[in-house]
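**Q** Take a look at the following structure, please.
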Amino acid sequence: MAGVLQRFEQRLEGAVTGAFARAFRSAVQPVEIAAALQREVDNSAHILSRERMLVPNDFTVELSPPDFERLNPFSSTLADELSTLVKEHVTEQRYTMAGTFAISFKKAGDLSTGRFRVRSKTTAAVTPVAGQRMTETAVRSSNVVIEVNGMKHPLDPPGVVIGRGNEADLKIDDPGISRRHAQIKIHQSGTETTVTVVDLDSTNGVVLNGHRVSTAVVADGSEIRLGNTVIVIRLTEVA
């Protein structure tokens, strides 16, 4: 850990200007944020298998209003160096990330100068169904929509196969998801639409609203957990 932090400080010294140094003279120090990110990674790691541990890949650093204002002009440079630091730490510890690394800075009114918080989450990269229209119009005109990591995917009958492999219709780069993990089936009879989720003999199973299932009907607002990813089902009546 010390080696990664030392390399971070050396890179930062070569990348920033005197104005950057002055901005942090009486505020939160970049190395403090770097150390906190490392701790967050370590504390959030959980076991996927005997040799694989999953860690978060999406981080938010919350700063006091004064610190945020001082940092904001240099946030891009600092974010790049923090990104390098976290990736080095992940590599050294042989951790696994579910998706692309992301870091952002946010103003928090309840924090005083020099104080900060680090929040993290695991956000897997999602590849939409080939040829699928992802516009707001397409979402509004579909009566079956799934939400994955903030993205809305309208679905049409007969549904989609979800997995980590290229053979899946909707690909989620989550190491806890099998190559062909689950299928969401859409059945339409007249004006009625029925949606079911089916486990395709996955390694980690399908959890619907907190209960493991092999096949089950889903309702509006149902949450399906595949690996470390939660999929929310939205069912609406299209006029």
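The values are calculated or read from the model by the stated rules, or taken from the named source; none is laboratory data. Worth saying up front: this structure is predicted, and the values here are computed from it rather than measured. We place every Cβ from the backbone using ideal geometry, glycine too, and count neighbours over all the protein chains shown. Ligands, DNA and RNA are excluded from the accessible area calculation, which covers all protein heavy atoms including side chains. Shrake-Rupley method; radii C 1.70, N 1.55, O 1.52, S 1.80 Å.
**Q** Let me confirm something: among HIS46, HIS89, which residue is surrounded by fewer than 21 Cβ atoms within 10 Å (Cβ to Cβ) and more than 17 Å from ALA108 (Cβ to Cβ)?
**A** Values: HIS89 fails: surrounded by fewer than 21 Cβ atoms within 10 Å (Cβ to Cβ).
The conditions single out HIS46.
**Q** Taking THR96 as the residue in question, decide whether it is of a type in the set (Val, Ile, Thr), in contact (Cβ under 8 Å) with a residue 24 or more places away in the chain and open to solvent by 70 Å² or more (accessible area, probe 1.4 Å).
**A** When the stated conditions are applied, THR96 does not pass them.
**Q** So VAL139 ticks every box in (1) free of Cβ contacts under 8 Å to residues at least 40 places away in the same chain; (2) under 21 Å from GLY99 (Cβ atoms) but one. Which box is left unticked?
**A** Of the numbered conditions (1) free of Cβ contacts under 8 Å to residues at least 40 places away in the same chain; (2) under 21 Å from GLY99 (Cβ atoms), the odd one out for VAL139 is (2).
Per-residue answers, yes or no, for (1) at pLDDT below 95; (2) in a loop (DSSP other than H, G, I, E, B):
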| position | (1), (2) |
| --- | --- |
| GLU167 | yes, yes |
| LYS171 | yes, no |
| GLN188 | yes, no |
| THR193 | yes, no |
| THR203 | yes, yes |
| VAL217 | no, no |
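**Q** Criterion first (more than 19 Å from GLU223 (Cβ to Cβ), of a type outside the set (Phe, Trp, Tyr), at pLDDT 85 or above and open to solvent by 80 Å² or more (accessible area, probe 1.4 Å)) does ARG115 satisfy it?
**A** Considered against the rule, which asks whether it is more than 19 Å from GLU223 (Cβ to Cβ), of a type outside the set (Phe, Trp, Tyr), at pLDDT 85 or above and open to solvent by 80 Å² or more (accessible area, probe 1.4 Å), ARG115 comes out as yes.
**Q** May I ask you to say which residue of ARG115, ARG94, ARG70 is more than 18 Å from the chain's Cα centre (by Cα) and closer than 21 Å to PRO175 by Cβ?
**A** Sole residue among the options that is more than 18 Å from the chain's Cα centre (by Cα) and closer than 21 Å to PRO175 by Cβ: ARG94.
**Q** Against the conditions (1) under 15 Å from the mean Cα position of the chain (by Cα); (2) open to solvent by 50 Å² or more (accessible area, probe 1.4 Å), where does ASP58 fall short? Just the number, please.
**A** Condition (2) is where ASP58 drops out.
**Q** Right, something else. Take the residues of the range 219-239 that are charged (D, E, K, R) and part of a strand (DSSP E or B): which is modelled with the lowest pLDDT? Before the answer, list the steps.
**A** Going through the range 219-239, the residues charged (D, E, K, R) turn out to be 220, 223, 225, 234, 237.
When the remaining residues are screened for being part of a strand (DSSP E or B), the result is 223, 225, 234.
Numbers: GLU223: 97, ARG225: 96, ARG234: 93.
The residue in question is ARG234.
**Q** OK, next. Going by the structure shown, is THR122 buried (at least 16 other Cβ atoms within 10 Å of the Cβ) and over 22 Å from MET97 (Cβ atoms)?
**A** When the stated conditions are applied, THR122 does not pass them.
**Q** Which of the residues that make up the range 174-183 are part of a strand (DSSP E or B) and in contact (Cβ under 8 Å) with a residue 40 or more places away in the chain?
**A** Within the range 174-183, just ALA182 meets the criteria.
**Q** How many residues does the range 190-203 hold that are on the phi < 0 side of the Ramachandran plot and open to solvent by 80 Å² or more (accessible area, probe 1.4 Å)?
**A** Number of matching residues: 3.
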